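S.K.: Here it is, the structure, as structure tokens.
Derivation of every value follows stated rules applied to the coordinates shown; laboratory data play no part. Every value quoted in this text rests on a predicted model; they were computed, and no experiment measured them. In this analysis, Cβ positions are derived from the backbone assuming ideal geometry, glycine residues included, and neighbour counts consider all displayed protein chains.
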């Protein structure tokens, strides 16, 4: 059977590009038939990546059939995966997030979780010398994934190795990193076509903090005011999104890529308490600025407490 390779729901650039990269590697280098899949519509930056490198968008699936061989990339969290994931034949997990637990496999599997900024960097390392065989489109996807996850090396998750791999790929492709990154971030910042609910779900992850089920959403942008101008309607939509998704609260962090700070929307006393207890700030209105906060994985999730 063909191996399905996919990342998490609400696919960003890394969860769109990494399945394509690893499916290419399995099929073309290892001789294992594989196909990239998506668990939702890619965000605007991911769509830009597909167009920029002339890659076909993978099929979007809502679930996976029992016994289907799969490789999971860019997550190990069951909440971000199809409902039937534990009935699938999970062959491997490649990730750069903290271990959550809850996945069940039919036997021993290959698991690689490394403290790097981007899954695509790990894929490059796992390929070894075979990475030299990557065609231009796959190389371009890998570079785009790294630039996205590191916010062009601004994110505190960035390692020297992520940067070295990205710079080597850019040199091979003849690409100027600042130019490509600027084009990617411009695509990511164009959210005019999305509803409030779509924005709240676009790049979000589910976590529990002190017994509260939270949907933690981030919007990384070079034009934060465009999002903040919609804060009143976004905060109203949080109520419906939370009910529909079975969450107690939706948190929205608007990440200003250029100023290297986050603005958290504060719709109620729960979020106010969360912000003050987690980040040591005093909240006086319906937003609070968090200087230097750029990473949900490294700075937001580990800090959250009530």
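S.K.: What does DSSP give for the chain in terms of the percent of beta bridges that are antiparallel, rounded to the nearest 5?
M.R.: The answer is about 40 percent antiparallel.
S.K.: Can you tell me the orientation of helix 269-279 relative to the chain, as the angle in degrees between its alpha-carbon axis and the longest Cα principal axis, to the nearest 10?
M.R.: 60 degrees
S.K.: Compute the angle between helix 231-245 and the longest alpha-carbon principal axis of the chain, please, reported from 0 to 90 degrees and rounded to the nearest 10.
M.R.: 60 degrees
S.K.: Percent of Cα-Cα pairs more than 18 Å apart in the range 48-187, please.
M.R.: Tail fraction, whole percent: 60.
S.K.: Viscosity 0.692 mPa s, temperature 37 °C: what is the translational diffusion coefficient of the range 31-83 from Stokes-Einstein with a Kirkwood Rh over Cα pairs, rounded to a whole number of µm²/s?
M.R.: Calculated translational D: 256 µm²/s.
S.K.: Can you tell me the 0 to 90 degree angle between the C-alpha axis of helix 160-173 and the longest principal axis of the chain, rounded to 10?
M.R.: The answer is roughly 60 degrees.
S.K.: Among 251-262, 69-80, 11-22, 228-239, what's the highest-first ranking by average C-beta atoms within 10 angstrom per residue?
M.R.: The most tightly packed comes first, giving 11-22, 69-80, 251-262, 228-239.
S.K.: When the chain is fully extended, how far beyond the present Cα-Cα distance does residue 197 get from residue 286, taking 0.36 nm per residue of separation?
M.R.: Working it through step by step, the gained length comes to 30.2 nm.
S.K.: Give the value in nm², to one decimal: projected area of the alpha carbon convex hull of the range 139-218, averaged over all directions.
M.R.: Mean projected area for the range 139-218: 6.8 nm², to one decimal.
S.K.: Work out the FRET efficiency for residue 106 and residue 28 from their Cβ-Cβ distance, taking R0 = 35 Å, and round it to the nearest 0.05.
M.R.: My answer for the efficiency is 0.85.
S.K.: Subtract the Cα-Cα distance of residue 99 and residue 259 from 0.36 nm times their separation in residues, and report this length gain in nm to one decimal.
M.R.: Taking 0.36 nm per residue and subtracting the Cα distance, the gain is 54.5 nm.
S.K.: Next question. Percent relative contact order of the chain, based on C-alpha pairs within less than 8 angstrom and at least six residues apart?
M.R.: Relative contact order here is 13 percent.
S.K.: Please compute P(r) over all alpha-carbon pairs of the chain, binned at 20 Å starting from zero, and give each bin as a whole-number percent.
M.R.: 35, 58, 8
S.K.: Then there's this: Return an integer: the convex hull volume of the alpha-carbon atoms of the range 1-70, in Å³ per residue.
M.R.: 73 Å³
S.K.: Could you list the square roots of 5 times each eigenvalue of the Cα gyration tensor of the range 251-306, that is, the equivalent ellipsoid semi-axes, sorted largest first and rounded to whole Å?
M.R.: Result for the range 251-306: semi-axes of 17, 13, 9 Å.
S.K.: Another one. Over its Cα atoms, what ratio of radius of gyration to 2.2 N^0.38 Å does the range 1-42 give?
M.R.: Expressed relative to 2.2 N^0.38 Å, the Cα Rg reads 1.11.
S.K.: Then there's this: Over the range 196-303, what is the relative contact order in whole percent, taking alpha-carbon pairs under 8 Å and six or more residues apart?
M.R.: Reported as a whole number, the value is 23 percent.
S.K.: Ignoring everything except DSSP H segments at least 4 long, calculate the 222 nm mean residue ellipticity for the chain; use -39,500 (n - 2.57) per segment, divide by total residues, nearest 500.
M.R.: Counting only the DSSP helices, I get -11000 deg cm²/dmol.
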